[in-house]
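The values are calculated or read from the model by the stated rules, or taken from the named source; none is laboratory data. Please read these numbers as outputs of a predicted model, since none were measured by experiment. A quick note on method: Cβ atoms are made from the backbone with ideal geometry, for glycine too, and the neighbour counts reach across all protein chains shown.
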Amino acid sequence: MSGVLAHAGLWSGALLAGVALGWLHFRSLRRVAERLVAGEPAAVLLQITRILMLALFLYLCARLGASTLLAAAAGVYIGRVLVMRRAPKETP
């Protein structure tokens, strides 16, 4: 029984970390896009850093098992939803 609880704790941690990292990842996307449009070369480095951070997190979760990776990916998706919910609605 303690093994199941340990896995549940791992999945919960991956989910919460995924929410936090997903929120940070998608929250910074607008700023990076604005800097890219403005022609700031440092924005490319920020973009690469964003992608590498998310990729490393998901890789580490994958090393812990498929269910941990699934929980982390679900967390990233929830983080995206939180950011998109607060994003201004722009119509063309």
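Below are the figures for this structure:
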quantity	calculated
Filter result (touching a Gly at 6+ places or on another chain (Cβ under 7 Å) and exposed (fewer than 11 other Cβ atoms within 10 Å of the Cβ)) within region 40-92	none
Residue check, Leu36 crowded, with 16+ Cβ neighbours inside 10 Å, at pLDDT below 95, in a helix (DSSP H, G or I) and touching a helix residue (DSSP H, G or I) at 6+ places or on another chain (Cβ under 8 Å)	no
All positions within region 7-30 that are polar (S, T, N, Q) and loosely packed, with under 15 Cβ neighbours inside 10 Å	Ser12
